[in-house]
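Below is one structure, written out as structure tokens; the observations come after it.
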Amino acid sequence: MNQLQFKHSIVDAAPPGIRNDICVVGDLTGNGLDDFVIGGYEGAGNVVWYRAPHWQRFQIGEGNLEAGGLLVDITGDGTLDLVAGQPLRGNELYWWEHPADPAKPWTRRTILDRFAKYHDQAAGDVDSDGKDEIVFLSQQAEVLGYCDIPADPRAEPWPEDCVHIIFEGENIEGLAVADVDSDGENEIVAGGNVFHADGGKWRREAFSDFEKPVAAVGDLTGNGLPDIVLSEGENDRGRLAWFEAPHWKMHLLADDLWHPHSLALADFDGNGRLDIMVAEMGLSKKADFRLIICRNTGSGFETEVVDNTHPTHHARVIRLANVPLPSVVGKSFNPTNQVDLWTNVTTA
């Protein structure tokens, strides 16, 4: 098995704003190439996107934003809009409308203004009506819920009858929407829980005690059943594990990660199996920040550190032009402030 090879480069050494905690990837121009968006806590024009393949930076707008973020088609016009929410002491969940020319500023509108600290959003059909909903977590209000996209999404805020509460009374992080029990309907993975919509009544299935994790879902074993991966993104000695479907048996991969707030699944080595990417963030308290790939051999996972000098936060998988294998894009959070790209130059 060849060693993984990633080439690091700096996309932007001085992005606007500080404490950038959002990074989301999607094709914003319709040319088939992945672009990406970053944003964060504060700063003039601090929500921006970078156009592939040369990474020209364009302003979307600005906002005081919490980690998470989502690109999804709100208006139904075939283009991706941006969803993100405010942090502690903020009550608004926003969406920015993708304009006809995405290089021009986007219009920001309010979805919700009744909860607080929106860490994580996801999209998917969670009520089996054939339409995607916007799923959200509000840590300060201790709420998991979803919003139907109204007929007029430009109305602010969205009507009350579009808002549905699934669960209350617990501060949860980590969110994914997927059919994890293969029943033909989507479930919601929120923290160490799976929420099932059983006949319109939500049932909570707790499977892990991981504290404030990042969540990802994918078939790691090749048996056709989606597994769940969690990393404790807010922990000084964060655990990383995958939970095997259908009974969520835990397989611990690490228990010494420094705030592993980046987690994603992709086939980084081209062997046809999903690997696990996890990365440590910087908070002025650690010198070597690891970007790690846990390679799926089919009989287990082998860990490779592909970078130990660049802290990153909320890093994502990105597909680059003329690069066959998936790469990684991310940005530091604090105290450094830059946008990084790790191009996958591994020989498959």
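Suppose the filter is surrounded by fewer than 19 Cβ atoms within 10 Å (Cβ to Cβ) and touching a Leu at 6+ places or on another chain (Cβ under 7 Å); does ASP152 pass it? Write out each step before concluding.
Values: surrounded by fewer than 19 Cβ atoms within 10 Å (Cβ to Cβ): yes; touching a Leu at 6+ places or on another chain (Cβ under 7 Å): no.
Against the criterion (surrounded by fewer than 19 Cβ atoms within 10 Å (Cβ to Cβ) and touching a Leu at 6+ places or on another chain (Cβ under 7 Å)), ASP152 does not qualify.
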Checklist entry - What is the residue count in segment 103-151 for residues that are under 30 Å from TRP55 (Cα atoms) and hydroxyl-bearing (Ser, Thr, Tyr)? => result 3
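Do we have LEU265 as farther than 18 Å from GLY330 by Cα, in contact with a Leu (Cβ under 8 Å, 6 or more places away or on another chain) and touching a residue at least 40 places away in the same chain (Cβ under 8 Å) here?
On the way: farther than 18 Å from GLY330 by Cα: no; in contact with a Leu (Cβ under 8 Å, 6 or more places away or on another chain): yes; touching a residue at least 40 places away in the same chain (Cβ under 8 Å): yes.
For LEU265, the condition - farther than 18 Å from GLY330 by Cα, in contact with a Leu (Cβ under 8 Å, 6 or more places away or on another chain) and touching a residue at least 40 places away in the same chain (Cβ under 8 Å) - is not met.
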Item to check | Condition met for ALA241 (in contact with a strand residue (DSSP E or B) (Cβ under 6 Å, 6 or more places away or on another chain) and crowded, with 23+ Cβ neighbours inside 10 Å) | outcome: no
Item to check | Enumerated strands (runs of 3 or more DSSP E) restricted to segment 1-99, each holding at least 1 residues that are farther than 26 Å from LEU320 by Cα and touching a Lys or Arg at 6+ places or on another chain (Cβ under 6 Å) | outcome: 35-42, 93-97
Item to check | Selection status of ASP21, over 30 Å from GLY272 (Cβ atoms), under 20 Å from the mean Cα position of the chain (by Cα), open to solvent by less than 70 Å² (accessible area, probe 1.4 Å) and of a type in the set (Asp, Glu) | outcome: yes
Checklist outcome for this item: Pairs returned, first residue in segment 113-126 that is closer than 15 Å to VAL180 by Cα and open to solvent by less than 20 Å² (accessible area, probe 1.4 Å), second residue that is assigned to a loop (DSSP other than H, G, I, E, B) and of a type in the set (A, V, I, L, M), beta-carbon separation under 9 angstrom, 6 or more apart or interchain, are none
Next on the checklist: Within segment 213-235, take every residue that is acidic (Asp, Glu) and without any contact (Cβ under 8 Å) to a residue 60 or more places away in the chain and give me the one that is farthest from TRP248 (Cα to Cα).
Outcome noted: GLU232
Item to check | Contacts under 8 angstrom Cβ, first residue in segment 309-333 being under 12 Å from PRO53 (Cβ atoms), partner acidic (Asp, Glu), 6 or more apart | outcome: ILE318/ASP34; ARG319/ASP34; LEU320/ASP34
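So that you can scan it fast, the table gives a plain yes or no per residue for (1) open to solvent by less than 30 Å² (accessible area, probe 1.4 Å); (2) under 19 Å from the mean Cα position of the chain (by Cα):
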{"residue": "ALA321", "(1), (2)": "no, no"}
{"residue": "PRO326", "(1), (2)": "yes, yes"}
{"residue": "VAL329", "(1), (2)": "yes, yes"}
{"residue": "GLN338", "(1), (2)": "no, yes"}
Checklist outcome for this item: How many residues of segment 264-276 are within 17 Å of ALA315 (Cβ to Cβ) and either surrounded by 23 or more Cβ atoms within 10 Å (Cβ to Cβ) or of a type in the set (Gly, Ala, Ser) (or both)? The answer is 5
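Would you point out the residue of segment 36-59, among those that are small (Gly, Ala, Ser) and modelled with pLDDT under 95, that is most open to solvent (accessible area, probe 1.4 Å)?
Looking only at segment 36-59, we keep the residues that are small (Gly, Ala, Ser), and these are 39-40, 43-45, 52.
Keeping just the survivors that are modelled with pLDDT under 95 gives 40, 43-45.
Values: GLY40: 0, GLY43: 35, ALA44: 87, GLY45: 8 Å².
Checking each candidate, the answer is ALA44.
From the set of residues in segment 163-186 that are among the acidic types (Asp, Glu) and under 19 Å from GLU142 (Cα atoms), which is least open to solvent (accessible area, probe 1.4 Å)?
Pass one, segment 163-186, residues among the acidic types (Asp, Glu): 168, 170, 173, 179, 181, 183, 185.
This time we only want the ones that are under 19 Å from GLU142 (Cα atoms), so: 168, 170, 173.
Numbers: GLU168: 124, GLU170: 69, GLU173: 6 Å².
Filtering first and then ranking leaves GLU173.
Residue by residue, here is whether (1) in a loop (DSSP other than H, G, I, E, B); (2) of a type outside the set (Asp, Glu) holds:
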{"position": "ALA254", "(1), (2)": "no, yes"}
{"position": "HIS259", "(1), (2)": "yes, yes"}
{"position": "LEU265", "(1), (2)": "no, yes"}
{"position": "PHE268", "(1), (2)": "yes, yes"}
{"position": "MET277", "(1), (2)": "no, yes"}
{"position": "LYS285", "(1), (2)": "yes, yes"}
{"position": "CYS294", "(1), (2)": "no, yes"}
{"position": "GLU302", "(1), (2)": "no, no"}
{"position": "VAL305", "(1), (2)": "no, yes"}
Checklist entry - Just a yes or no: is a residue in segment 159-172 in contact with a helix residue (DSSP H, G or I) (Cβ under 8 Å, 6 or more places away or on another chain) and either within 28 Å of LEU225 (Cα to Cα) or assigned to a strand (DSSP E or B) (or both)? => result no
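The values are calculated or read from the model by the stated rules, or taken from the named source; none is laboratory data. Everything numeric in this text was worked out from a predicted model, so none of it was measured. Cβ: placed from backbone, ideal geometry, glycine included. Neighbour counts: every protein chain shown. Just the protein is used for accessible areas: all its heavy atoms, side chains included, with ligands, DNA and RNA removed. Shrake-Rupley method; radii C 1.70, N 1.55, O 1.52, S 1.80 Å.
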